[in-house]
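Heads up, the thing below is written out as structure tokens.
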Amino acid sequence: MNDIDELLSDGIKATPPSFVRSILKAASDPEVTSFAGGLPNPISFPQQKLLESMERVVAEQGAKAFQYSATAGIDELRQWVADRYNHRFGTDYVADDVLITTGSQQILDLLGKVLLDKGDGVIVEKPTYLAAIQAFALNQPVFYEVELTDEGLDIDELNAALDAGAKMIYLIPNFQNPTGLTYTAEGRRQVREALSGRNIVVVEDDPYGELRFEGESLPYIGGTNLPHGVVMGSFSKTVTPGFRMGYLLTKDHELLRNVSIAKEAADLHTNVFSQYVVYDYLTHNSLDEHLVKIRDLYGAQARTMVEAMAEYFPADVSYTVPEGGMFLWVTLPESVDTMELFDKALARNVAFVPGAPFYAEPGSRSTMRLNFTNADEDTIRDGIRRLAECIREELGA
Ligand SMILES: Cc1ncc(COP(=O)(O)O)c(C=O)c1O
């Protein structure tokens, strides 16, 4: 008999376990073609170059690379992040606008702690990144979901949620996880207009922005345009997720000061050895050349998956066609419950993530997320063919 339940906080009881993490074990069987994970392809890990950087860091930084360090992160890396954004978007970020974090996931946890009390409103996309739901749920907020469209957000729903009162809006404007959708320039303008004049923190989570294999990068909605704009970034999908290196950029220094206090309480500072190694890697190598390889690979994999779906899926199944990132989203006829389909697909050695866990409130059960970055093109085609067989069986087609 375990009476720990009586001792648990309301916050942890309100927090769902990660469904993705629970199915990854089943999907990791080498016989299974897994479209379930969210793992970068190992090609994105420049292992030899990182080894060279580690040796240089030990030789050049000595004890500094092993000592306690500043909560904000090392200045060189903060400046590098500011410069990169200024170069890409014509912004005017400075090092003091940047906080280096333990993965960008930590930012979600910190923002939740800093902004949300029980019952406070947070606006999220419908569907949204499930680990953001987890991070915010610890604070027991009220989730206002706003439907994603091909352009961006449903503006009427957004205005209704804003009128209901929310402290934060959390958006993933580029190659969204889970849907692969990207807000258009007009969609961004409409959302910015709806948010203008409202006292709300506008968080744009952008771990995939540099993985664009089609089209042009678009400016952020909030960023430096709105007073409480926060942009989140990460080295997980461009260099390595194992180092757990993320960052936020904001011009709102009062918000940043409070986030830094929450970070002090959480972990004092981000792993300083990893910061020096990543900074050394970035200054001794061309990230842009490295990104070309990742984009070419992911672009080809995405095209293969889309072509295979066009060939094998029944006509009443629809799917998104991403311009970058790692995922796409499939919508099946409503009669199909993808939670049930998951087990049948696994019996045929193919795995995906059912859509349900990506909704903050109980939502569609006939959707699924597919990852295209972790299988070669032949395996993708064959996996989609087998998945299509399961879907046809389910539909009796
Ligand atoms: C939308 C989104 N935000 C944040 C993260 C967290 O990334 P990390 O903590 O590795 O930077 C992920 C990881 O998959 C993600 O998809």
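The values are calculated or read from the model by the stated rules, or taken from the named source; none is laboratory data. Just so we're clear, the structure is a prediction, and the values are computed from it rather than from any experiment. As a convention, Cβ positions derive from the backbone with ideal geometry for all residues, glycine included, and neighbour counts pool all protein chains shown.
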Considering only region 148-155, I want to know if a residue exists there that is free of Cβ contacts under 8 Å to residues at least 12 places away in the same chain, part of a loop (DSSP other than H, G, I, E, B) and more than 12 Å from the ligand (Cβ to nearest atom).
yes
Filtered residues of region 113-128 (kept if outside any strand (DSSP E or B), surrounded by 24 or more Cβ atoms within 10 Å (Cβ to Cβ) and more than 9 Å from the ligand (Cβ to nearest atom)):
P127
Subset of region 241-255 (residues that are in a loop (DSSP other than H, G, I, E, B) and closer than 21 Å to D83 by Cβ):
F243, K251, D252
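So that you can scan it fast, the table gives a plain yes or no per residue for (1) assigned by TED's automatic domain parsing to the domain that holds L218; (2) among the charged types (D, E, K, R); (3) surrounded by 23 or more Cβ atoms within 10 Å (Cβ to Cβ); (4) in contact with a helix residue (DSSP H, G or I) (Cβ under 6 Å, 6 or more places away or on another chain):
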position	(1), (2), (3), (4)
A59	yes, no, no, no
A63	yes, no, no, no
F66	yes, no, no, no
A72	yes, no, no, no
L77	yes, no, yes, yes
D83	yes, yes, no, no
Q134	yes, no, no, no
N139	yes, no, no, yes
E145	yes, yes, no, no
Determine whether A166 is at pLDDT 95 or above, under 28 Å from V94 (Cβ atoms) and more than 16 Å from the ligand (Cβ to nearest atom).
no
Need a quick list: helices (runs of 4 or more DSSP H) entirely within region 1-79 having at least 3 residues that are in contact (Cβ under 8 Å) with a residue 40 or more places away in the chain and not acidic (D, E).
19-27, 47-61
Listed by first then second residue, the pairs whose first member lies in region 290-317 and is among the β-branched types (V, I, T), whose partner is surrounded by 18 or more Cβ atoms within 10 Å (Cβ to Cβ) and modelled with pLDDT of 95 or more, with beta carbons under 6 Å and at least 6 positions apart or on separate chains, are T304/I380; V317/L332
From P30, P42, P17, P46, grab the single residue that is within 16 Å of the ligand (Cβ to nearest atom) and closer than 30 Å to F372 by Cα.
P42
Unique match (being surrounded by 19 or more Cβ atoms within 10 Å (Cβ to Cβ), out of contact with any Phe, Trp or Tyr (no Cβ under 8 Å at 6 or more places or on another chain) and assigned to a helix (DSSP H, G or I)) among Y276, Y298:
Y276
Result of the Cβ filter at 9 Å on region 208-237, keeping first residues that are among the β-branched types (V, I, T) and partners that are at pLDDT below 95 and not in a loop (DSSP other than H, G, I, E, B), at least 6 apart or interchain, is none
Could you look through region 340-363, keep only residues that are in contact with a strand residue (DSSP E or B) (Cβ under 7 Å, 6 or more places away or on another chain) and within 18 Å of G383 (Cα to Cα), and pick out the one that is surrounded by the fewest Cβ atoms within 10 Å (Cβ to Cβ)?
N349
Going through region 212-238 in order, the residues found to be within 11 Å of the ligand (Cβ to nearest atom) and either more than 19 Å from L110 (Cα to Cα) or aliphatic (A, V, I, L, M) (or both) are M232, K237, T238
Would a scan of region 171-190 turn up a residue that is closer than 20 Å to G121 by Cα, more than 16 Å from the ligand (Cβ to nearest atom) and not aromatic (F, W, Y)?
no
Of the residues in region 129-143, how many are assigned to a helix (DSSP H, G or I) and farther than 15 Å from S9 by Cα?
4
